[in-house]
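Input: a single structure, listed below in structure tokens.
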Amino acid sequence: MINEKINMAIGDKFGQLKQLNQMRQQAKELQKELEKEEEVYERGGIRVKVNGAQEIKYIEVDGESQEDLVDALNKAMKNVQKKAAKKMMEMGGGLGGLFGGN
């Protein structure tokens, strides 16, 4: 009886790990697709190109590249996204919530 429960619990955990790995793979595929989506916006001598993964690809002001600005903005966005993900995990809104955990 105890061995049966242990085997069920282990099988349950393996099933959850398999599901988690599938979700990670789907997330990676979605990320690749989002990176392909691009938008260019121009206004008043400023030209900006971003992709669907919310990365700034380039900024030009009056035809001059602003690589330092691109780098700074992308790093700031990545940092705030990490903080948001951490906050969601703390509130039980992360992947752990899908499996009944926090």
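Report the FRET efficiency, 1/(1 + (r/R0)^6), for MET88 and ILE2, where r is their Cβ-Cβ distance and R0 is 35 Å, rounded to 0.05. Intermediate results must be reported in sequence, preceding the final value.
Numbers: r = 37 Å, r/R0 = 1.05.
With R0 = 35 Å, the Cβ-Cβ based efficiency is 0.45.
Can you tell me which lysines have their Cα less than 28 Å from the Cα of LYS82? Leave out same-chain residues fewer than eight positions away.
LYS13, LYS18, LYS28, LYS32, LYS36, LYS49, LYS57
The numbers here are math on the coordinates, done by the rules we state, and not lab data. Quick caveat, the model's predicted, so the values are computed rather than measured. So basically every Cβ, Gly included, is an ideal-geometry build from the backbone, and we count neighbours across all protein chains shown.
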